[in-house]
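The values are calculated or read from the model by the stated rules, or taken from the named source; none is laboratory data. Just so it is clear, the model here is predicted, and its values are computed rather than measured. With ideal geometry, Cβ positions are generated from the backbone for all residues, glycine too; neighbour counts draw on all protein chains shown. Side chains included, ligands, DNA and RNA excluded: accessible areas come from the protein's heavy atoms. Shrake-Rupley method; radii C 1.70, N 1.55, O 1.52, S 1.80 Å.
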Amino acid sequence: MRAWEIVSGDGVDSLELAERETPTPGPGQVRVRMHANSINYRDLTTIEDPVSRKLPFPTVPNSDGAGVVTAVGEGVGLSPGDRVTSCFFEDWTAGEISAAAMASALGGARQGVLAEEVILPEGGVIPTPAHLTDAEAATLPCAALTAWHALTLPRPITAGETVLLLGTGGVSVFAQQFCTMMGVRTIVTSASDEKLARMIALGAGETVNYRTNPDWDAAVLDLTGGKGADRVVEVGGPGTFDRSVNAVRVGGIIGLIGILTGAAGQASPTSIMRKSITIRGIYVGSRAMFADMNRAIAAHELKPVIDQGFAFEDARAAYHTMRAAGHFGKLVINI
Ligand SMILES: NC(=O)c1ccc[n+]([C@@H]2O[C@H](COP(=O)([O-])OP(=O)(O)OC[C@H]3O[C@@H](n4cnc5c(N)ncnc54)[C@H](OP(=O)(O)O)[C@@H]3O)[C@@H](O)[C@H]2O)c1
């Protein structure tokens, strides 16, 4: 069987397609014939900089995959033929995240899923919603679950509240779809009017182009009658954080998710304190949250937005496309 491997710190073009032995599942494990992966910004940055992450070589990239069980080890309840999707963390079943769970992320501390056959613990996979193709299901483990987590904890957002979404990447598009499903109003920012029109088609309430209107936080305050958004799905990081603080209401919540503008920078704590804002660091989600999300996705027959699919042999092109940031929704590799 074949697997893509990170073998050096030389970036996307140094990824190698390797031939490996087909693995045999041990007790409590399943073998999954992967049919699709989706990629996340984090997979791209892992490939671009495996050295500072202290990844061993070779490491198989990617956390998100879906396919069919082809073999099971002793004591496993699943059967060959069952359709399953990978969980981002092998060891975060439910409850709060722990350091041990954090150290079980696929395509990072643990080997990833960009391979034809993958071994995973039974608790590290989840049944695929019946209405989804494997390509669609492969978009769920990271971006969708992160968006779901940001909207449902520390308390679920409720109908009639306003959520601010930054940009139109994988997390934000799922967040829009969930807000539409929940009857929640959104304000979406993007550098592209065309992408904003696509968000409106998905149910977005109002939009702000952050390129032509760099004071987008002031625009959000205007659009909420000066009050501010009830919640922010913050994917920008240091380059957007202070404006998100300005754009959220007194007593509002910011789900701190991403670093699209870079990892280093400064934030001003004073307004956070003065506005009594809750800042919540989010790292994807647990298997229990994934089950809750899949139940909602199945009930509403929600379909993920896939921008483009790539052939397995052409996996490098998927990461280059992500770096170019022209996509809307998810990029998928078909295996
Ligand atoms: N903490 C976690 O658990 C977790 C989970 C998933 C993702 N993340 C992180 O969240 C971030 C988003 O992930 P993703 O998978 O959604 O990425 P993505 O699909 O690559 O998102 C790219 C989009 O982000 C938007 N963007 C870039 N710079 C922006 C800015 N200054 N202001 C507003 N929007 C901006 C752009 O949208 P427009 O083209 O519309 O402007 C761009 O197309 C990444 O940093 C990722 O590492 C974290």
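Couple of notes before you dig in:
- Heavy atoms of the protein chains alone define the surface here; on that basis the chain has 40 Å² accessible area per residue at 1.4 Å probe size.
- Using a probe radius of 1.4 angstrom, the carbon and sulfur fraction of the accessible surface of the chain is 53%.
- Calculated diffusion of the chain, Stokes-Einstein form, Kirkwood radius summed over Cα pairs, 4 °C and 1.567 mPa s, µm²/s: 64
- The eigenvalues of the Cα gyration tensor, multiplied by 5 and square-rooted, give segment 145-281 an equivalent ellipsoid with semi-axes of 20, 17, 15 Å from largest to smallest.
- Long-range lysine pairs (8 or more apart or interchain), the chain, Cα under 25 Å: 4
- Percent RCO, i.e. relative contact order, over the chain, from Cα pairs under 8 Å lying at least 6 residues apart: 18
- Relative contact order (%) - segment 60-119, alpha-carbon pairs under 8 angstrom, separation at least six: 41
- The relative contact order of segment 145-281 comes to 19 percent, based on Cα pairs under 8 Å that sit 6 or more residues apart.
- This model, with +1 at the C-beta of Lys and Arg and -1 at the C-beta of Asp and Glu, gives segment 145-281 a dipole about its Cα centre of some 320 debye.
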